[in-house]
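Visitor: Following this message is one structure expressed as structure tokens.
The values are calculated or read from the model by the stated rules, or taken from the named source; none is laboratory data. Every value quoted in this text rests on a predicted model; they were computed, and no experiment measured them. When we count neighbours, we look across all protein chains shown, and the Cβ atoms used for this are built from the backbone with ideal geometry, even at glycine. Areas reflect the complete protein model, heavy atoms only, side chains present, ligands, DNA and RNA absent. Shrake-Rupley method; radii C 1.70, N 1.55, O 1.52, S 1.80 Å.
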Amino acid sequence: MKSLKNHLYNPQAILLAFVLLVAFIFGVLWILTPPPPKAIKMATGLPQGLYYQFGERLKRELAKEGVTLEVLESGGTVDNLRLLSNPKSDVDFAMVQGGVAELEKYPNLVSIGGMFYEPVWVWYRPGAFKADGGELRVLSQIKGKRVSVGNQGSGTAVLSDALLKLSEIQESEIRAEHLTPDVAVAKLSNGEIDVAFTVVAAESPILKKFYNIPGILLMNFDQGDAYVRNLPYLTKVNVPRGLLSIANDVPKKDIQVLSATATLVSKQDVSPALLSLVLGATYDILPAYSHLQKLGEFPSATGLDFPLHEDAEIYLKDGPSFLHRHLPFWTAVWVGRFVKIVIPLLVIFIPLFTYISSANNFLLRLKLAGIYAELNTIEKNASKRELLQKHLEELALIERRVMQMKISAFSAKDFYDLKGHIEQVRNRLHAAS
């Protein structure tokens, strides 16, 4: 009780302690909400493929916002999934072909959005199908033929395998070769293979190498609807006559092909700000990939293998956040971090202000109660003249302590009431003498 009685109400000390506490909590929250990285990596595909070229375009867009993107060459979708899911890998994003991933193997990966259609182009030499009138219309016709099914690690290899299995074509019934697109072009041109599967967007430069081979044709999937019903990650897409090349009239008639969706995939803990930046950049890139898709159809939230990241879902539905719409990227990032920290601080400290005020009032009341108890004792003994001098000295000490007290403006009335009561006790002592 004595220590409480001698306690000095020091608002400066309390303010300093409060500021230090706020600074500490702010620092902890600042560390717990790191900014997005300024350098990231993205696994794509072969340099001549559209994944790699998409990555290069994205690299240029991100550079405008001060983010460096390293575009990594790979064998394709399977390699990309392996790189992205490897805990020791520092790959942040990857391009993945729809229908390739076994989801149970990659529980920590999420879709950022579908980017563009990737049709299954099946090129063939008409001479290899003379018995069928020089046309390839159903996959059962390729039995006994020399077929390029895509290089190992590519989405083409996985998707062609799925189509062959659904068509009940055993590996032993065809002479399959796992070739890269460039090698497949060379062998198809030289007559060393009869059929070549490739899965790329309509804008991919590799297609030009295929249709420049004299006499080569594209397969029309007569059973397209049946494949789509069995493989829901595929979409049946109509390819108008001359779409790939008006000058070369490729294809020479309207055909229907099966298409997967090229998807941008990331890790589950991707920075929301970085996700917003990357998605925003794709809107500037995707108009160049408009041969098969409708304007505004991509980036898309449909036809994805991996679950869509919740922030990506919000972005695709509502667009960028208020901050990212009205501020430069890094300004929006730092303002956003500040807001994320200030809001929890307000939640913590607004109630705390009430508790501090109540605690201070309690301590002041406790201190005043102790002083009033001393005054009461002196007043009760006022009639004892032999103790007058002692009581006056005690009263002077009490008054000196009161004058040294640090009182806030809110407690000024209590302070002056106490001074008045001390004076009243002094007057009674003198009157009693």
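Visitor: Taking a ≥ b ≥ c as the square roots of the Cα gyration tensor eigenvalues, with a/c under 1.5 meaning rounded and otherwise prolate when a/b beats b/c, else oblate, which class fits the stretch 201-276?
Guide: Note, shape of the stretch 201-276 comes out oblate.
Visitor: In terms of the Cα gyration tensor, with a ≥ b ≥ c the square roots of its eigenvalues, is the stretch 120-180 rounded because a/c is under 1.5, prolate because a/b exceeds b/c, or oblate?
Guide: Here the stretch 120-180 falls in the prolate category.
Visitor: Relative contact order for the stretch 86-164 using alpha-carbon pairs under 8 Å, separation at least 6, rounded to a whole percent?
Guide: It comes to 28 percent, rounded to a whole number.
Visitor: Shifting gears a bit: Working from the pairwise distances between different alpha carbons, so that the mean of 1/r is found and then inverted, what is the stretch 124-230's Kirkwood radius in Å?
Guide: One over the average 1/r among Cα pairs gives 14.1 Å for the stretch 124-230.
Visitor: Calculate one ³J(HN,Hα) per residue across the stretch 38-46 by plugging θ = phi - 60° into the Karplus curve 6.51 cos²θ - 1.76 cosθ + 1.60, and present them in order as whole Hz with x for glycine and proline.
Guide: 8, 9, 9, 10, 9, 7, 10, x, 6
Visitor: Viscosity 1.306 mPa s, temperature 10 °C: Stokes-Einstein D of the stretch 21-166 from its Kirkwood Cα radius, in µm² per second?
Guide: Roughly 86 µm²/s, to the nearest whole number.
Visitor: Same structure again: Under a 1.4 Å probe, what is the accessible area of the stretch 154-234 per residue, stated in Å²?
Guide: 45
Visitor: Mind ordering 78-85, 418-425, 147-154 by average Cβ neighbours within 10 Å, highest first?
Guide: Ranking, from highest mean packing down: 147-154, 78-85, 418-425.
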